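Report on the structure given below.
The values are calculated or read from the model by the stated rules, or taken from the named source; none is laboratory data. Note that the structure is a prediction, hence the values are computed from the model and not measured. Glycine gets a Cβ as well: all are built from the backbone with ideal geometry, and neighbour counts include every protein chain shown. SASA here: full protein model, heavy atoms, side chains in, ligands and nucleic acids out. Shrake-Rupley method; radii C 1.70, N 1.55, O 1.52, S 1.80 Å.
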Amino acid sequence: MNHLSLIIKREYLNKVRNKSFIIMTFLSPLIMVGIFTLVAYLSQLNNDKVKFISVLDESGLFTDQFTDTPSLQFKLLSNTSLEEAKSASEENSDYGLLYIPKTATIDDLSKAITFYSEDSPSLIVMDDIEDAIEERTNTLKLREAGIDAQTIKDLRIRIDANLETFQGEETSKLGSGLKLAFGGAAGYLLFMFIIIYGNMIMRSVIEEKTSRIIEVIISSVKPIKLLLGKIFGTTLAGITQFLAWVILIGVLSAVVTSILGIDPSAVPSPQQEMIESGGMESVAQDVIMEIANLPLANLIVMFILFFIGGYLLYASLYAAIGAAVDSETDTQQFMLPILMPLILAVYVGFFTVIENPHGTVSQVFSYIPFTSPVVMLMRIPFGVPMWQQILSVVILFATFIGTVWFAAKIYRVGILMYGKKPSYKELIKWLKY
Amino acid sequence: MEKLLVAQNVSKTFGNYKALNDVSIEVPKGSIFGLLGPNGAGKTTFIRIINQITMPDTGKVFLDGEPLQPHHIQYIGYLPEERGLYKSMKVGEQALYLAQLKGLSHQEAKTRLKYWFDRLDIGDWWNKKIQELSKGMAQKIQFVVTVLHQPKLLIFDEPFSGFDPINANLIKDEILTLRNEGATVIFSTHRMESVEEMCDHIALIHKSNKILDGKLIDIKRAYKSNTFEVGLHTQNPEAVTAELHEKFEVSPATFKSINNELQYKIKIPEHASPNDLASYLTTQGQLTHFVEVIPSANDIFIETVQKN
């Protein structure tokens with residue numbers, strides 16, 4: 001067996017057999033699914049409780065306006081004063097009391113209505129109540145102006161613009177959302193992967209230094225082989241852990257859903273409401289169609305290339321840092337220059353690319369190798385010419401070779417340096433050794 | 001005598017610091033070669049150059065007549081001063097890994113490890129983790145790993161540090177056995193008594209320069225100063241002492257003796273015969289002790305380093 005595969009094998013087995021690695025592999029999905037289950041369970045609990053709201057309507061305009069829902073029940077009060085109503089609803093431990101006074105004009109109502117409650121009321125409940133009041137006042141205002149509300153409703157046309165590129169590809173807003181989701185997920189995944197496993201590589205280089213085995217090893221193999229072996233071995237361990245997480249989370253979610261009858265993904269979110277209002281089935285069909293419309297083959301190939309390139313690029317830098325210092329506490333001063341471009345990439349990705357996928361800023365950052373993996377991955381679903389993608393990949397891999405050379409230099413000198421924390425100036429000097 | 005390792009005019013600079021300046025060293029086959037020098041003299045840099053961990057700026061190194069090449073790594077066994085093992089790895093697995101990195105096959109490595117583990121009586125450590133072993137125990141494993149691939153050239157940097165006297169002796173005997181079986185040993189240490197005991201050649205590096213090398217016996221011959229330690233039993237010590245001081249370069253000496261005698265170190269001129277000194281002394285009283293002072297490696301080390 002040649003040296004490189006020996007080293008990769010050792011690094012891989014060493015990581016995978018490590019107790020804390022095993023614990024984290026099994027514990028993380030448990031914790032994640034546990035938290036989501038808890039949140040889903042709690043929000044169900046919350047929704048199950050019926051909230052009673054007393055309404056004291058002195059204007060008499062809203063008698064039929066408030067309709068009960070499973071979680072909200074309205075009680076109309078009459079012939080009581082505000083003070084009496086307040087104490088009554090407090091005694092009944094109602095959720096709150098809505099007080100609508102009599103005003104001269106409808107416009108005066110806008111500032112006159114008060115909601116009394118024990119604690120600050122939920123924003124969602126208040127929105128619902130305000131919507132109901134506004135709907136009624138609008139109708140009344142229209143009637144005042146001599147317009148029938150039904151006429152307005154009939155006149156209203158809902159516009160849903162069809163989007164199409166000059167090349168004749170049909171797109172849609174839903175598609176854009178999906179593209180964002182795809183790109184964002186890919187970029188975020190890479191970001192997390194780099195931070196978690198880059199650190200792991202750094203620690204394993206430091207371990208070799210602190211255990212003082214390094215000189216024994218590099219009297220047998222070239223430092224660059226050790227460096228590459230460490231990067232590949234740790235990466236394989238990382239992929240193993242990631243796959244284990246995906247499978248475990250999948251299995252656990254299925255188990256939780258079927259046993260407890262709680263759907264962890266049922267945590268209410270605005271997007272879901274939007275989808276629900278549009279009719280569940282047709283949207284699901286649209287989603288599948290839009291996914292099919294995405295340049296899937298292109299996406300997958302580029303995802304793999306950018307993922308590997310971007311990860312290796314950062315991994316070699318992490319290894320160089322590990323070699324330059326004696327202990328993990330000394331790494332701080334070198335971490336910032338690594339994290340900055342990474343964080344910048346995510347910011348550019350999530351703000352600039354979303355706003356304008358093909359703007360100048362997005363384009364520039366999708367060529368800079370330290371940001372291109374995240375930014376370009378987010379741009380590709382929106383359609384990037386193939387030559388641009390290839391150019392970016394080439395720049396990325398060329399830079400990777402450059403950083404490996406740089407890291408190997410630092411590594412070769414750094415692994416034999418003990419005792420003092422090097423400055424940037426010294427690191428540059430090491431390159432010339 | 002045939003040379004196993006020849007270094008010609010090797011220089012190495014780190015930034016502004018010259019670690020080695022034009023050092024040439026020849027290590028004869030089958031010898032135990034002591035590489036000596038004060039801390040920071042450049043010994044470790046020289047050893048790392050032999051191991052191809054660092055490359056010399058100028059100069060050449062030959063192993064067995066060939067210029068040093070990457071594949072020569074398998075002919076060298078190196079026990080560095082900064083040594084250690086993976087703490088969380090099992091002894092056997094780790095030894096196998098390190099042996100395979102030196103080019104042994106898995107099967108071959110296993111067979112040889114079994115032999116060495118039995119020989120050093122550490123067979124039952126195979127499944128233990130390094131962190132469960134004491135420092136001395138870990139050192140034994142390290143020694144085995146260093147010699148396992150039967151290298152032609154063994155390089156030991158402070159091999160006895162961390163060993164108790166019994167194990168230090170055991171390792172010393174193993175090194176001598178390996179030499180007798182044909183290996184050449186380069187031995188870097190600050191413990192002069194082991195140099196005295198084991199080395200037949202030495203080289204002294206000081207402030208990046210080689211300032212002394214050769215056979216230990218030849219060096220000692222060159223460094224002896226025609227000084228003799230004498231014990232003289234006499235009735236009239238004051239008069240004899242005065243006369244001795246007049247005739248020779250005399251300094252006080254102390255050695256163990258059952259007699260109540262005068263004890264001196266007496267230096268005679270370079271070509272004078274010790275016989276003359278002895279016969280002169282017998283005329284002054286009873287000669288109880290007469291030994292030539294041979295400089296120890298320690299003396300030579302200190303004298304040479306201070307002179308430079």
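Side notes on the structure shown:
- Segment A:73-91, residues that are modelled with pLDDT under 80 and either surrounded by 12 or more Cβ atoms within 10 Å (Cβ to Cβ) or on the phi > 0 side of the Ramachandran plot (or both): A:Asn79
- Count - residues of segment B:81-123 that are closer than 24 Å to A:Glu207 by Cβ, open to solvent by 30 Å² or more (accessible area, probe 1.4 Å) and free of Cβ contacts under 8 Å to residues at least 24 places away in the same chain: 2
- Among the residues of segment B:124-138, those that are touching a residue at least 24 places away in the same chain (Cβ under 8 Å) and out of contact with any strand residue (DSSP E or B) (no Cβ under 6 Å at 6 or more places or on another chain) comprise B:Trp125, B:Trp126, B:Lys128, B:Ile130, B:Gln131, B:Leu133, B:Lys135, B:Gly136, B:Ala138.
- Residues considered: A:Asp94, A:Asp64. Of these, the only one that is open to solvent by 70 Å² or more (accessible area, probe 1.4 Å) and either assigned to a loop (DSSP other than H, G, I, E, B) or at pLDDT below 80 (or both) is A:Asp64.
- Residue tally, condition within 40 Å of the chain's Cα centre (by Cα), of a type outside the set (D, E, K, R) and open to solvent by 70 Å² or more (accessible area, probe 1.4 Å), over segment A:130-155: 1
- Qualifying residue in segment A:212-224 (condition: modelled with pLDDT of 90 or more, buried (at least 21 other Cβ atoms within 10 Å of the Cβ) and either closer than 17 Å to A:Phe21 by Cβ or within 13 Å of chain B (Cβ to nearest Cβ) (or both)): no
- Flag not set for B:Ser11, criterion: hydroxyl-bearing (Ser, Thr, Tyr) and touching a Cys at 6+ places or on another chain (Cβ under 9 Å).
- Residues located in segment A:178-218, provided they are charged (D, E, K, R), out of contact with any Gly (no Cβ under 8 Å at 6 or more places or on another chain) and under 30 Å from A:Met302 (Cα atoms): A:Lys179
- Conditions (1) surrounded by fewer than 23 Cβ atoms within 10 Å (Cβ to Cβ); (2) modelled with pLDDT under 90; number of the one not met by B:Pro67: (2)
- The criterion of at least 1 residues that are of a type in the set (Lys, Arg) and open to solvent by 50 Å² or more (accessible area, probe 1.4 Å) is met, among strands (runs of 3 or more DSSP E) falling completely within segment B:234-308, by B:262-267.
- Looking across segment B:66-92 at every residue that is facing chain A (nearest Cβ under 8 Å) and of a type in the set (Lys, Arg), the one that is farthest from A:Ile213 (Cα to Cα) is identified as B:Lys87.
- Some residue of segment A:37-47 being in contact with a Leu (Cβ under 8 Å, 6 or more places away or on another chain) and at pLDDT 80 or above: yes
- When segment A:375-433 is limited to residues that are among the aromatic types (Phe, Trp, Tyr) and open to solvent by less than 40 Å² (accessible area, probe 1.4 Å), the one that is modelled with the lowest pLDDT turns out to be A:Trp430.
- Checking each residue of segment A:17-35 against the condition of being surrounded by 15 or more Cβ atoms within 10 Å (Cβ to Cβ), among the charged types (D, E, K, R) and outside the structural domain of A:Met202 (by TED's automatic domain parsing) gives no match.
- In segment B:98-118, the condition of being acidic (Asp, Glu), in a helix (DSSP H, G or I) and within 14 Å of chain A (Cβ to nearest Cβ) is met by at least one residue.
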